[in-house]
1. Being small (Gly, Ala, Ser), part of a loop (DSSP other than H, G, I, E, B) and farther than 19 Å from A:Gly183 by Cβ is true for just one of A:Gly226, A:Gly238, A:Gly215. Which residue is that?
2. Considering each of A:Pro228, A:Pro253 in turn, give the residue that is within 14 Å of chain B (Cβ to nearest Cβ) and in contact with a helix residue (DSSP H, G or I) (Cβ under 7 Å, 6 or more places away or on another chain).
3. Mind checking which pairs have a first residue in the range A:312-333 that is among the hydroxyl-bearing types (Ser, Thr, Tyr) and a second that is part of a strand (DSSP E or B), Cβ under 6 Å, 6 or more apart or different chains?
4. Answer yes or no: is there a residue in the range B:82-93 that is over 26 Å from A:Arg312 (Cβ atoms), surrounded by 24 or more Cβ atoms within 10 Å (Cβ to Cβ) and in contact with a Gly (Cβ under 9 Å, 6 or more places away or on another chain).
5. Sort out which residues of the range A:109-125 are surrounded by 15 or more Cβ atoms within 10 Å (Cβ to Cβ) and over 18 Å from A:Leu90 (Cβ atoms), and write them in order of number.
6. If you go through the range A:211-221 one residue at a time, do you hit one that is within 14 Å of chain B (Cβ to nearest Cβ) and at pLDDT below 95?
7. Read through the list (1) at pLDDT below 95; (2) surrounded by fewer than 23 Cβ atoms within 10 Å (Cβ to Cβ); (3) more than 14 Å from the chain's Cα centre (by Cα), then give the number of the only condition that A:Thr434 fails.
Amino acid sequence: MTLSHASGLVARLWRRTAVAGLSFLFAAAATAPAAHAQLRVDISGVGATQYPIAIADFAGSSGTQVSEVIRADLTRSGQFRLISAAGAALDFQSTVSYGDWQSRGADYVAFGSIAQSGGQYTVSYRLVDAARKAELDQVAFNGTEAELRRISHRIADRIYEKITGVRGVFSTRIAYVLQTGNGYELQIADADGQNPQVMLRSRQSIISPAWSPDGSRLAYVSFESGKPVIYIQTLSTGQRAPAANYKGNNSAPAWSPDGSRLAIVLSRDGISQIYTINADGSDLRRVMRSPLIDTEPRFTPDGGSLVFTSDRGGNPQIYKVPVGGGEAQRLTFSGSYNISPRVSPDGSQLVYVTRRNGAFRIATMALNSGTEQLLTAGPDDQSPSYAPNGMQILYSSIQGGQSVLAVTSIDGRVKQTLSSLNGKVREPTWGPFTD
Amino acid sequence: MSSRITRTLTIAAFAASLAACSSVPLDQSGAGGAGSDSASTGQIMDPFNPQSPLAQQRSVYFEFDSYAIPEQYRSVVEMHSNYLTSHQGQKVRIEGNADARGGTEYNLALGQRRSDAVARMMTLLGVNANQIEAISFGKERPKALGNTEADYAENRRADINYLR
């Protein structure tokens, strides 16, 4: 199965000439102009369980577009099989003939109406279970035309949660770095790669973006001053300030779950070591003294520990240590190169990059049993991060010689890629739930 | 690859010339300043003069998975250390690099091990730690853009960069 949303992609190539004359470092608020180029989405594979669902075109103006966004979201998850609702002509008030939909093969039907008044849109939707002949959900959202996509994602989230029992992530956002011939752009986009916006533009590298737990800020590493310095930028205002600018390198920021502190990596005392610091830059504390590299710290969801990469054992492996310091416990033992750990939102799993026979692949490990699963084949898959519901993993990948973003379900069965015609897409990280 | 070989050869030749004056104590070279540097080696010792070995020999290359300064580059670090001990107002940034394979942050840390190795040798040779900042570009600024072993070797490097 392949589905593409590349409409207008070629026609709307990024107008590079428009920015060529501007200063080479440019921080933007979330309200800044969009990046003029959507990411292209391709999907492969199907989930172990697929719920058959029909999404009727919503009645009213823009109804088809809203339904298309919902269908694309649910399809991308790999957990739904779309049943044609052609000719259904349902609106929010319609009486649903459960038997008809069951004979079409749909266990679930979503439909609704859009009313427009003076630029304000009201999108009303209902979800029914045709098999159990039951009403599952109904709700109305208000917004402007520009907010219709976001409302569609919210409806898809509700459908996903009502049917699977797991919170949907279609209305969340991702951050990544687009590397072009001209330099680097820190971008944020909707989880489907649409609506990309430039948060920072620089001639020098930008790496390691990290979302604050409330989704309002990004910490990242910028080389704009000629060396790695950690900045924090507020998305709504575009305001940015250095959070750590010590002698040597400042890198690998990670937020504590309560948003008050960051784990960071500094080389102020020689080689890379892990520290914690308040989000305002105060109260620097060194976590450990390691004879070799410690880097890539990430908080566990309870905030009490850090997982990190260290080559203290002779090659890079993943360890865990209390935030206050102490004995580090080694977590990975398979292979000679395991890096970039993240703990799943429920704390049960680890995702990381492992090198096997020269290929960099995404792997997960159950923390209670140590059971490892290789989710991707490589050859150069990097920067994995969990969706906030823990059901998918976003990573960067080289496919067909192109640097793209990719998403895999945590069972490895469903994969999608998000690619850009404009350059390399790197350093992705999935943002948190925000409502 | 050929440029790499050429560089190695010129550095080896320079190392031989430096060996002739290796009996000069570090503290004496510190007393003389640029003029005596020039007199003792017959070369211009000015990092900002493109003709000077201080400008031309600024890179230390490392073996794969190694962070020890190879024998043939020790004389390069010694040359810069001699200059820095005699010019204590001069600051340098040691910039480590890594090849393109592997994770962004881990490569940043690997590049830092290379720059830190150079910085440590410099301080052991008497350079004031305040004159040195060791940083890393990781895999962000590859000098060689290809994917051959020769390209990877070119990027396993620390550069000594004099700050104006």
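1. Numbers: A:Gly226 fails: farther than 19 Å from A:Gly183 by Cβ; A:Gly238 fails: farther than 19 Å from A:Gly183 by Cβ.
The unique qualifying residue is A:Gly215.
2. Numbers: A:Pro253 fails: in contact with a helix residue (DSSP H, G or I) (Cβ under 7 Å, 6 or more places away or on another chain).
Selected residue: A:Pro228, the only one of A:Pro228, A:Pro253 that is within 14 Å of chain B (Cβ to nearest Cβ) and in contact with a helix residue (DSSP H, G or I) (Cβ under 7 Å, 6 or more places away or on another chain).
3. That search, which allows pairs on different chains as well, returns A:Tyr319/A:Phe308; A:Tyr319/A:Ser310; A:Tyr319/A:Arg330; A:Thr332/A:Gln317; A:Thr332/A:Ile318; A:Thr332/A:Asn338.
4. Among the residues of the range B:82-93, at least one is over 26 Å from A:Arg312 (Cβ atoms), surrounded by 24 or more Cβ atoms within 10 Å (Cβ to Cβ) and in contact with a Gly (Cβ under 9 Å, 6 or more places away or on another chain), which makes the answer yes.
5. The initial filter retains those residues of the range A:109-125 that are surrounded by 15 or more Cβ atoms within 10 Å (Cβ to Cβ), namely A:109-115, A:121-125.
Hit for the range A:109-125 is A:Tyr121, nothing else.
6. Narrowing the range A:211-221 to residues within 14 Å of chain B (Cβ to nearest Cβ): A:219-221.
Applying the additional criterion that residues be at pLDDT below 95 yields none.
Among the residues of the range A:211-221, not one is within 14 Å of chain B (Cβ to nearest Cβ) and at pLDDT below 95, which makes the answer no.
7. Among (1) at pLDDT below 95; (2) surrounded by fewer than 23 Cβ atoms within 10 Å (Cβ to Cβ); (3) more than 14 Å from the chain's Cα centre (by Cα), A:Thr434 violates only (3).
A quick yes/no check of all residues on (1) within 13 Å of chain B (Cβ to nearest Cβ); (2) within 22 Å of A:Ala252 (Cα to Cα):
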{"residue": "A:Ser340", "(1), (2)": "yes, yes"}
{"residue": "A:Val343", "(1), (2)": "no, yes"}
{"residue": "A:Ser348", "(1), (2)": "no, no"}
{"residue": "A:Gly358", "(1), (2)": "yes, no"}
{"residue": "A:Arg361", "(1), (2)": "yes, yes"}
{"residue": "A:Leu375", "(1), (2)": "no, no"}
{"residue": "A:Ser383", "(1), (2)": "yes, yes"}
{"residue": "A:Gly400", "(1), (2)": "no, no"}
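The values are calculated or read from the model by the stated rules, or taken from the named source; none is laboratory data. Everything quoted here is computed from the prediction, not taken from an experiment. We place every Cβ from the backbone using ideal geometry, glycine too, and count neighbours over all the protein chains shown.
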